[in-house]
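First the structure, in the form of structure tokens, and then the observations on it.
Here, each number is a calculation from the coordinates, and none is a lab measurement. Note that the structure is a prediction, hence the values are computed from the model and not measured. Cβ sites come from the backbone with ideal geometry, for glycine too, and all protein chains shown count toward neighbours.
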Amino acid sequence: MKKTPTINPGRSDMQIIPIDADQSLIELLNRAGLATSDINQPGSICFFGCHQSGKLIGSVGIEIRKKSAMLRSLATHEEVRNTGLGRALVEHAELNASHMGVSDIYLLTTTAADFFERLGYEQLCREQAPDAIRKTTQFSDLCPTTSNLMRKVL
Ligand SMILES: CC(C)(COP(=O)(O)OP(=O)(O)OC[C@H]1O[C@@H](n2cnc3c(N)ncnc32)[C@H](O)[C@@H]1OP(=O)(O)O)[C@@H](O)C(=O)NCCC(=O)NCCS
């Protein structure tokens, strides 16, 4: 049975906004089992998040590489899962990427391929990744070689 939504991303106090790569993001990503070692590296990762009562409950990052981008650090707090926040965060990241001139978004996942497929992402062989995406730390260092590479053309 579907959970009763406890959050409504449309509420004015639950907007998705740009966030810093600070301790609250590290804690959320740790809880979700996602990598944090590179989140403070200088470069072009933009993070967005959503707060509830001052607490970070959702995050997503996009790392822009020319016309391509890597979507990463998508996490929602266990207490608010299945309420639409994950999808809202992905859509927010896509919209921002599109405004920045990105034409295709890539991601790597070991656990959520079905989730992303429902949002229009298709599975690719890792060999099909463009050079710019191969050079991201997510691709080259942090995500296991068994993770699924996925792409959405915006
Ligand atoms: C994946 C994740 C962000 C989804 O967040 P969410 O807030 O629950 O997402 P939504 O509420 O928008 O979507 C929920 C729907 O996706 C499905 N879903 C959630 N996680 C899923 C997963 N790992 N695989 C497949 N489907 C999933 C739910 O069953 C639900 O389906 P329904 O609408 O038919 O009921 C969240 O489970 C999470 O933080 N997971 C740990 C970190 C992770 O795996 N991140 C992705 C890799 S970068």
Whole-number percent relative contact order across the chain, with pairs defined as alpha carbons under 8 Å at least 6 apart:
21
Taking alpha-carbon centroids only, the stretch 15-33 lies from the stretch 117-154 a number of Å equal to 22
Amide H of residue 148: which non-local residues (sequence gap of 5 or more, or other chain) have their own amide H closer than 5 Å, using H built in the peptide plane?
109, 110
Top of 119, 108, 56 by mean-square fluctuation, Gaussian network on the chain, Cα under 10 Å
119
Candidates 94, 27, 127; GNM for the chain (alpha-carbon contacts under 10 Å) flags as most fluctuating 127
How tilted is helix 85-99 with respect to the longest principal axis of the chain? Cα atoms for both, answer in degrees (0 to 90, nearest 10).
50
Top mean-square fluctuation among 137, 36, 111, Gaussian network model of the chain, C-alpha springs under 10 Å?
111
Quick one: what are the phi-derived ³J(HN,Hα) couplings along the stretch 52-62, Karplus 6.51/-1.76/1.60 with θ = phi - 60°, whole Hz, x for glycine and proline?
10, 6, x, 9, 6, 10, x, 8, 7, x, 10
Potential lengthening between residue 30 and residue 67 on full extension [0.36 nm per residue; Cα-Cα distance subtracted]:
10.4 nm
Dipole magnitude (debye, nearest 20) for the chain, charges at Cβ of Lys, Arg, Asp, Glu
260
For the stretch 28-154, Rg(Cα) over 2.2 N^0.38 Å is 0.98
Only helical DSSP H runs with n ≥ 4 go in: add -39500 (n - 2.57) per run for the chain, normalise by residue count and round the 222 nm mean residue ellipticity to 500 deg cm²/dmol.
-6000 deg cm²/dmol
